[in-house]
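This report refers to the structure that appears directly beneath it.
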Amino acid sequence: MRTKDDHLKNGQLKANYNIQFSTSNRVITHYSVERTSSDMATYIRHLEGFKERYNFYPKQVTADAGYGSEENYLFLEEKGIEGFVKYGSFYREHRRNFKTKEFANARNLHYDEKGDFYICPVGKKINRIGETKKTLRSGYIKETNIYEAADCKGCALMEPCLKQNSNKKTSTNRRIHRTPNLERLRAKARKLLLSEEGIRKRKQRSVDVEGCFGELKQNKGFRRLMLRGLKKVNIEVGLLAMSMNIAKLAKHKARTMDEVCPKTSKTTLFNRNNKSIAAKRG
Ligand code: SF4
């Protein structure tokens with residue numbers, strides 16, 4: 001993985017385990033350890049692990065853009081889970097100048113659903129020329145439709161338009177790749193994310209789950225696992241999650257006690273070297 005701790009400042013890849021936490025009100029409810037650098041590929045297994053642990057799927061989930069793939073959205077839909085899950089371009093497409101600055105982006109072009117074609121910025125038709133199927137490592141088959149403009153030679157907008165092509169070097173005409181299923185699922189997610197509940201959940205997510213990682217890495221100084229091997233790391237992360245939950249419970253109890261008997265309650269937090277990092281009431 002490319003990590004944030006880049007001491008040599010050369011962007012080198014390091015061997016890591018990918019740790020996933022599920023939280024509810026800052027309490028860790030589930031965790032998983034993976035050997036892949038992609039968060040996206042861990043999501044379904046993580047939720048299946050949740051189901052194994054509790055015998056049910058959560059009714060709602062909130063996740064950041066690293067999890068917003070067609071396969072993950074479809075899984076949420078099939079399991080009846082309401083997914084407040086962002087996708088890669090969520091913030092970009094809501095920027096004020098997205099429509100003007102990225103006018104040639106396929107999302108800003110007119111798409112005719114009946115005729116199944118796009119209209120380019122100078123008013124020409126971009127027709128469908130074929131489709132591809134790609135089997136992902138997970139076995140999921142991704143179906144994409146391909147559209148291509150007939151002749152872009154001499155067009156004044158060639159530069160910004162062809163910049164949008166995935167293969168900029170070989171394509172001389174504008175090409176668009178469209179995944180209808182993903183577009184439908186993204187539209188569904190977008191609606192949820194922009195609702196009042198969605199805005200509240202997005203704010204809460206950054207405090208809730210990121211707060212757990214912050215507490216672990218920054219406050220407790222836990223930046224390296226002590227064990228190696230998936231089985232042992234699973235145990236180590238499980239113990240960490242339990243200790244964090246117990247600390248939260250103790251803090252909560254101390255706060256409750258403080259309200260009842262202010263003079264007797266005292267909570268002391270320790271980092272991994274057993275040094276007191278905070279001693280406070282409640
Ligand atoms: S480059 Fe091609 S697709 Fe783009 S605006 Fe010009 S004619 Fe249309």
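In the range 33-118, counting only helices (runs of 4 or more DSSP H) that sit wholly within it, the ones holding 1 or more residues that are surrounded by 16 or more Cβ atoms within 10 Å (Cβ to Cβ), free of Cβ contacts under 8 Å to residues at least 24 places away in the same chain and assigned by TED's automatic domain parsing to the domain that holds Ile129 span 98-101. From the list Glu159, Glu210, the one residue that fits, being without any contact (Cβ under 8 Å) to a residue 12 or more places away in the chain and within 16 Å of the ligand (Cβ to nearest atom), is Glu159. When the test is whether a residue is outside the structural domain of Met244 (by TED's automatic domain parsing) and within 16 Å of the ligand (Cβ to nearest atom), Lys201 does not pass it. Identify the residue in the range 1-60 that is of a type in the set (A, V, I, L, M) and out of contact with any strand residue (DSSP E or B) (no Cβ under 9 Å at 6 or more places or on another chain) and, among all such residues, is modelled with the lowest pLDDT. Out of the qualifying residues, it is Leu8.
Selection within the range 138-155: residues that are in contact with a helix residue (DSSP H, G or I) (Cβ under 8 Å, 6 or more places away or on another chain) and part of a strand (DSSP E or B). The member of this set that is nearest to the ligand (Cβ to nearest atom) is Asn145.
Only a single criterion out of (1) in contact with a Cys (Cβ under 8 Å, 6 or more places away or on another chain); (2) in contact (Cβ under 8 Å) with a residue 12 or more places away in the chain is not satisfied by Thr179, namely (1). If you go through the range 120-137 and keep only what is assigned to a strand (DSSP E or B) and away from the ligand (no atom under 16 Å from the Cβ), you end up with Gly130, Glu131, Thr132, Lys133, Lys134, Thr135.
The values are calculated or read from the model by the stated rules, or taken from the named source; none is laboratory data. The shown structure was predicted, so the numbers you read here are calculated from the model rather than taken from an experiment. Note that we place each Cβ from the backbone using ideal geometry, even for glycine, and neighbour counts take in every protein chain shown.
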